[in-house]
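Asker: Just passing along the structure, written as structure tokens.
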Amino acid sequence: MKTKYQQLRNWLKRQIERFTPGPNAVKGAALGLFLTTALLWFSFALIKAIAIKDGWVLVFAMVIALLVTLITLLLIKALKIINNLPRSFKLAVFICLPLLFMMSFGWLVPVFIVIVTSLVGAAIRSIKRTGFKNLTRVKKVVVLAGLLIGLGGGITLIALYIPSGFEVDPIENAALYNNPDIAQLKVESPSKQGPYKVKTLTYGSGKDKHRPEYGDEVSFKTDSVDGLAFLDNWEGFSGWWRETYWGFDSKSLPINARVWYPDGDGPFPLALVVHGNHGMQDYSDPGYDYLGELLASRGIILASVDQNFINGSWTDIFGGLENENDARGWLLLEHLKQWHQWNTTAGHVFHKKVDTTKLALIGHSRGGEAVAHAALFNKLPFYPDDASVKFDYNYDIKAVIAIAPVDGQYEPGDTRTKFEDVDYFVIHGAQDADVSSYMGSQQYERVKFKDSLYHFKAGLYVYGANHGQFNTSWGNNDTSNPFTGQLNLKQLLSVEDQQEIAKVYISSFLDISLNGKREYLPLFVDARKGRDWLPNTIYLSQFEDSTFKAFASFDEDFDVTTITDTTGGVSTENLTVWREEEINLKWQQKGSRALVIGWDYEMDEDEDELEESIADSLVASYTIRLGAATTVDSTAVLVFSMAESTESSNPKTEGKWVKDNNNENNLNQNNEAESNSEEDNNQEEASDDDNEEEEEEEEEDKALAPIDFTIKLKDSTGQTVSFPLSKFSALQREIEVILEKTGFLTDEKESEKIFQTFYFPLEDVRALNPDFDASSLQQLEFVFDRTKKGVVVIDAIGFMKAL
């Protein structure tokens, strides 16, 4: 048998050799390909050059051909060098590098590990096998150097990994810059435990293979639902493993949840909370117990919905569920259907215990997007992507809360989800290493209010909060990489502080939306109103309610001199930046256009008092003339949203705007004078350089002061009133964070434009000038006279009723 196999192998080898081209044929093939391509390239360039009558096109084409040739030769040389490496080392590198990259280490750490471990391994094996004494002097030096470099690199890597993180550049909290003594709300903390005793139970299929609380120990059994229409790609190896692990497919999805409820007669409002994407075998639904205990004690039922079965799995590397957030939203509505049935079922624990006119949805991460889809689907008669699937929900969903949500993973009808007349709150952390862009601000823009009832939407951006600590099961690691030490956690809030923030805001939001306790509303405009309840960090708030009317939204057209009220207009003085544009986030666009304006007085660093240093004729300003269509109630509040932009405040002093005006004659005339003075200036320049370096180091260690400017209002009689932006709050500088420790080596800082809502009651403003008539307001002017330079992005200027 072995002889026949050898004969067959030799015969196949001879046949291959018979048909293998010889060296002459290979060279001929290469020459034919090269000459044909050269002829086509030359003809291509020549025709182009003749067509536009420009011979430089031909020269440029030849240069391109030469560069391609040189790059190819370098690549061949590199491949030859790699090929000449010892087989064992090549094998190690090409096996280990892909595995290191798959562990989500980026590129820097894998390369560093390869170099360090290779040097240490080479040195140790050389000493062990050859003996240090037997090495030549040169090799001894090489081995010692390699060992020292490798060990030094290894120690450096360990020293980077072990600490929680490192300090970043200091950030000044603008909210405490000029007006820290804000009156506290005269109500109890919404995170305080309420009067109700809290009881718990679970409901589900009763068939769960891994969790007894949804298996044999389930309190109430529920029927499964068919989610086939909403789930794509439950197939292949990933689908097989998912079905094997859970024991069901997409046609039999369980309705599982764990419930915290108040021990009382009721009826009580009901809130559902749903987790986001995480490892499906690392269960996420228990992670909102801190919210369940609080809300139930304060008279709100909370059900934490189990959707682990549509979360990611290690098998998804071969292809898994795609764009499943519509399924997450639909499942929430199926849970509400179950609760409505229980509420009308005599003898059930929840019979008449649920106030079905007061419903709320809370979602985290992908769940934070899913709750918006649920709010949309709730009002639709059919599934927007397949009208053969009928909807019939129409529940009284009053509030939607999104915790660090994604946006646009699922798009109904290939567009982003919009919904109306539902209160909306989004909270996001600056230290989020999973969803590192404030994506919930996109959904915030798409929530509209059209009915006659009071509604509001709010956002909160929290410095130091991450993605996972909003869920007690997820913790401080926002990545799928179990090596938490790669993350910079130095600026991370403690889990207790982060969850306290969530409790304060989620509890108060639900009290407003479900229980009508509007006394908590000011907290959503100004976090300082709840300073005694909240941990000390930076909070950036966004707020808009159904009483808000914009007279300048910047979405109406491309003319920078017009506003939403077309009978009004705009004028400016001395601005260095002025345009209107779409607001760009770190990952996507926010979904709204805004005004971008900048100023720069090119002052000396020691000139801080702008009022005394800049002539009135040079002060930059932006003025809006209100039109006849804008009516003002003297008891209203002037509001607008604003963020800093870190772009250049004087772009025309650099780049394409700068030209070298020195000609050859000027250079010749100046050469002699420069030569004569060069020796005299050397000592002075050296001293200046030292001073400049010291000043630069001091500036780097000093936080930039928040931006401030003057707001000036004028009425129809010419009476004016002026006050600083910092009367409410100065503008927070754009927050920069470093999420991974390698960012300290590569100086990889992340930031984006986070808007703040500014709130100025006209009654308070009038106290500055009793003759000023707010009801006849005609002009709003931003006068940039308090900060040397800056660029700000302003959106949604208008009036709302006082809270």
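Asker: Can you tell me how many residues within the stretch 185-203 are buried (at least 17 other Cβ atoms within 10 Å of the Cβ), under 35 Å from the mean Cα position of the chain (by Cα) and part of a loop (DSSP other than H, G, I, E, B)?
Answerer: Summing the residues that are buried (at least 17 other Cβ atoms within 10 Å of the Cβ), under 35 Å from the mean Cα position of the chain (by Cα) and part of a loop (DSSP other than H, G, I, E, B) in the stretch 185-203 gives 4.
Asker: While we're looking at this one, here's another question. Assess whether Lys77 counts as being open to solvent by 70 Å² or more (accessible area, probe 1.4 Å), among the charged types (D, E, K, R) and modelled with pLDDT of 90 or more.
Answerer: Spelling it out, Lys77 is indeed open to solvent by 70 Å² or more (accessible area, probe 1.4 Å), among the charged types (D, E, K, R) and modelled with pLDDT of 90 or more.
Asker: Moving on to the next point. Considering only residues that are of a type in the set (Lys, Arg) and either closer than 20 Å to Glu445 by Cβ or part of a helix (DSSP H, G or I) (or both), which ones fall in the stretch 511-553?
Answerer: Arg518, Arg528, Lys529, Lys549, listed by residue number.
Asker: Report whether or not Gln443 is within 22 Å of the chain's Cα centre (by Cα), farther than 24 Å from Leu540 by Cα and either outside any helix (DSSP H, G or I) or modelled with pLDDT of 95 or more (or both).
Answerer: no
Asker: While we're on this one: Can you pull out every residue in the stretch 269-305 that is under 13 Å from Gly367 (Cα atoms) and of a type in the set (Val, Ile, Thr)?
Answerer: Matches in the stretch 269-305: Val273, Val274, Val305.
Asker: Using the structure shown, decide if Asp478 is open to solvent by 10 Å² or more (accessible area, probe 1.4 Å), at pLDDT below 95 and of a type in the set (D, E, K, R).
Answerer: Judged against the criteria, Asp478 is a match.
Asker: Please count how many residues of the stretch 46-103 are over 30 Å from Ser118 (Cβ atoms) and free of Cβ contacts under 8 Å to residues at least 24 places away in the same chain.
Answerer: Looking only at that region, the number is 23.
Asker: Looking at the stretch 11-54 only, could you name the residues that are of a type outside the set (Val, Ile, Thr), outside any helix (DSSP H, G or I) and either more than 51 Å from the chain's Cα centre (by Cα) or on the phi > 0 side of the Ramachandran plot (or both)? Can you show your working first?
Answerer: Start the filter on the stretch 11-54 by keeping residues that are of a type outside the set (Val, Ile, Thr), which leaves 11-15, 17-19, 21-25, 27-35, 38-46, 48-49, 51, 53-54.
Within this subset, residues satisfying the condition of being outside any helix (DSSP H, G or I) are 21-22, 53-54.
Answer for the stretch 11-54, where residues must be of a type outside the set (Val, Ile, Thr), outside any helix (DSSP H, G or I) and either more than 51 Å from the chain's Cα centre (by Cα) or on the phi > 0 side of the Ramachandran plot (or both): Pro21, Gly22, Lys53.
Asker: Go through the stretch 243-327 and tell me which strands (runs of 3 or more DSSP E), entirely inside it, have 1 or more residues that are free of Cβ contacts under 8 Å to residues at least 60 places away in the same chain and either within 31 Å of the chain's Cα centre (by Cα) or surrounded by fewer than 20 Cβ atoms within 10 Å (Cβ to Cβ) (or both).
Answerer: Per the criteria, 257-262, 301-305.
Asker: Assess whether Leu540 counts as being within 26 Å of the chain's Cα centre (by Cα), crowded, with 20+ Cβ neighbours inside 10 Å and under 16 Å from Val792 (Cα atoms).
Answerer: It is true that Leu540 is within 26 Å of the chain's Cα centre (by Cα), crowded, with 20+ Cβ neighbours inside 10 Å and under 16 Å from Val792 (Cα atoms).
Asker: For the stretch 175-216, how many residues meet the condition of being within 27 Å of Leu460 (Cβ to Cβ) and of a type in the set (Gly, Ala, Ser)?
Answerer: 5
Asker: Another question, if that's okay. If I ask for residues that are of a type in the set (Gly, Ala, Ser) and modelled with pLDDT under 95, which ones from the stretch 602-626 would you list?
Answerer: Scanning the stretch 602-626 gives Ser613, Ala615, Ser617.
The values are calculated or read from the model by the stated rules, or taken from the named source; none is laboratory data. These numbers come from a predicted model, not from an experiment. Using ideal geometry, Cβ is built from the backbone for each residue, glycine included, and neighbour counts are taken over all protein chains shown. Heavy atoms of the whole protein, side chains included, go into the accessibility calculation; ligands, DNA and RNA do not. Shrake-Rupley method; radii C 1.70, N 1.55, O 1.52, S 1.80 Å.
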